[in-house]
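Q: I'd like to ask you about the structure that follows.
The values are calculated or read from the model by the stated rules, or taken from the named source; none is laboratory data. What you are looking at is a predicted structure, and each value in this text was computed from that prediction instead of being measured. Here the Cβ is made from the backbone with ideal geometry for all residues, glycine too, and neighbour counts use every protein chain on show. Accessible surface is based on the protein model in full, side chains and every heavy atom, while ligands, DNA and RNA are left aside. Shrake-Rupley method; radii C 1.70, N 1.55, O 1.52, S 1.80 Å.
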Amino acid sequence: MRVPAFSALLTDAGREVLERVDPKEAAADRLGTASALRADPRVAALDPHLPVPELVNALLTQVDLRERGRAKFGDRAREMYFTPDGLEQSTRRTVAEYRAARTAATADPAGGAAGDLCCGIGADLLALAEHGVPVEGVDADPLTVAVARANIAALGLEGLARVREGKAEAVAPDAYPLLFCDPARRSGRGRVFDPAAYSPPWDTATRLAEGSEAACLKAAPGIPHEALPAGADAEWVSVDGELKETALWFGALAEGVRRRATVLREPKASPPSERGAVHLDEEPGLGPAPVAPPLRYLYDPDPAVVRSHLVAEAAARVEGALLDERIAYFTSDQAVTSPLWRVLEVTDTLPFSLKRLRSALRGRGAGSVTIKKRGSAVDTERLRRSLKPSGSEPVTVVLTRIGQRPFCLLCREVDGGREA
């Protein structure tokens, strides 16, 4: 999609045509929808200097992206604008709002506009503006800049947000009183995993953040711990059990917590009592967690807890112990519920063998079987086909390793228990 074709969608006539396209019909019959649009004189009139097929492609691309964008932005996506890469790399609205709320608590609106480098389509920029933080977005791609501007206008945030074209590498560390940077982690060949290959490169991004009075730097959730700057707070964020990102906080935005796991819930996917951020912070001097055989309850920590290396802190909250010092399961004689982990009651513990497992499942009257594993080389799909349960009881099978031996634990979900 080129900038002129996208700009045609922003006219009154373009918005009207865009609204008339049914996303379900377009998804079910893209060819038929495209033919109808090519025959519609209103489409050709959007920009007489552009080929009609290009305008039709821009319309259908936007319809498709808006529908896909609902997974990240909810119903708001119907009034927003996207590019394929911009949607793929954009921050989920739940995460952007959480981070913006933390930033707004520190930011001084009278101190000048914050800078959002590599702002993309504007997900974080919009969240900052909606929390009252004046912000200027910077992005090197002209189409992306046009899309971000369109989103600012669509949400009525022109008084607090603006976007300009430019490269993050050209920004001075002290150019903004508050800096946010989300380096691009995709190239023409797909997703980039090496921080040195980010755009801007990781050393450039960290130099900008370290030179600012207050800064937040976003990274992939799997960034190596050795790549984390020594002076930053690192926060791993998950949403509904899916690890989303690592946020690094610098200067006035740092709280002195070297490592933190944060669990968020999508509003539509959780009851009011479970919404909001739940944190687990590093406890300096805690030391490694003890190791013990399986007790009454097994704890499966959230991916944010695992990736932040805070399993020992999680186990300490329930007076628990690890099953194995290299595996992120821990066990306790008490049931404590929390969004930070899943609690299972252990009914059987046995060395792994297919024959033993089948027999134990028959003895439990197992019907539906959920299989989870850590530290196990077993092919879970092949195992599932081999079990052939015939009962009616739901059972969770946990495959793991204790020492050098493979084990399986038969468990059932815990609904109650005291809250952490």
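Q: Loop by DSSP (not H, G, I, E, B), at most 13 other beta-carbon atoms within 10 Å: where is the longest site-free stretch of the chain for GluC sites (Glu not before Pro)?
A: Here the longest run is 1-157.
Q: OK, next. Taking the Cα-to-Cβ direction at D379 and at R20 and moving 7 Å from each Cα, how far apart do the two end points lie in nm?
A: Taking the two extended label points, one gets 5.4 nm.
Q: Want the number for S368 to D203: 0.36 nm per residue separation, take away the alpha-carbon distance, what's left?
A: 54.5 nm is the gain from fully extending S368 to D203.
Q: Label points 7 Å out from Cα along the Cβ direction at A230 and A27: separation in nm?
A: 5.1
Q: For a test of understanding, tell me how many lysine pairs in the chain have Cα atoms under 16 Å apart, given they are 8 or more places apart or on different chains.
A: Taking the chain as the scope, the lysine pair count is 4.
Q: Also: How much FRET efficiency would the formula 1/(1 + (r/R0)^6) give for A196 and S390, where r is the Cβ-Cβ distance and R0 is 56 Å, rounded to 0.05?
A: 0.55
Q: Related question: Determine which residues of segment 249-266 fall in the zone a paramagnetic label at T106 would reach in this model, i.e. backbone nitrogen under 14 Å from the point 7 Å along Cα→Cβ.
A: Zone members listed by number: 249-260.
Q: Still on this model: Using +1 on the beta carbon of Lys and Arg, -1 on that of Asp and Glu, and nothing else charged, what's the dipole of the chain about the Cα centre, debye to 20?
A: Once rounded to the nearest 20, the dipole reads 2060 debye.
Q: With viscosity set to 1.306 mPa s and temperature to 10 °C, compute the Stokes-Einstein D of segment 208-305, Rh being the Kirkwood radius across alpha carbon pairs; µm²/s, no decimals.
A: 104
Q: For T204, what accessible area in Å² do you get when you roll a 1.4 Å probe over the heavy atoms of the protein chains, rounding to the nearest 10?
A: The accessible area of T204 comes to roughly 20 Å².
Q: Out of the DSSP beta bridges found with both residues in the chain, what percent are antiparallel (nearest 5)?
A: 60
Q: Name the residue farthest towards the positive end of the dipole of the chain from the options A100, T262, C118, assuming +1 on Cβ of Lys and Arg, -1 on Cβ of Asp and Glu, about the Cα centre.
A: T262
Q: What net charge is computed for the residues neighbouring R162, neighbours being all others with C-beta under 14 Å from the C-beta of R162, Lys and Arg scored +1, Asp and Glu -1?
A: After counting each charged neighbour, the total is -3.
Q: Here is a follow-up. If I take every Cα pair under 8 Å that is 6 or more residues apart in the chain, average their sequence separation and divide by the length, what percent do I get for the relative contact order?
A: It comes to 8 percent, rounded to a whole number.
Q: Keeping all protein chains in the complex and leaving out DNA, RNA and ligands, what accessible area do you get for K218 with a 1.4 Å probe, in Å² to the nearest 10?
A: 10
Q: If I compute solvent accessible area with a 1.4 Å probe over the protein chains, what percent of it on the chain is carbon and sulfur?
A: Percent of accessible area from carbon and sulfur atoms in the chain: 50.
Q: Continuing with this model, one more query. Which distance in Å, rounded to a whole number, links the C-alpha centroids of segment 110-145 and segment 316-380?
A: Rounded to whole Å, the Cα centres lie 45 Å apart.
Q: Go through P229, A277, V398 and say which Cα lies farthest out towards the positive end of the charge dipole of the chain; charges sit on Cβ, +1 for Lys and Arg, -1 for Asp and Glu.
A: After comparing all options, I get V398.
Q: Out of (1) 69, 44, 43; (2) 73, 54, 39; (3) 85, 47, 42, which label holds the value of Cα extents along the principal axes in Å that was computed here?
A: (2)
Q: Can you list the trypsin sites (Lys or Arg not before Pro) in segment 149-190 that are in a DSSP coil and have 11 or fewer other beta carbons within 10 angstrom?
A: Those that pass, being in a loop and sparsely packed, are R189.
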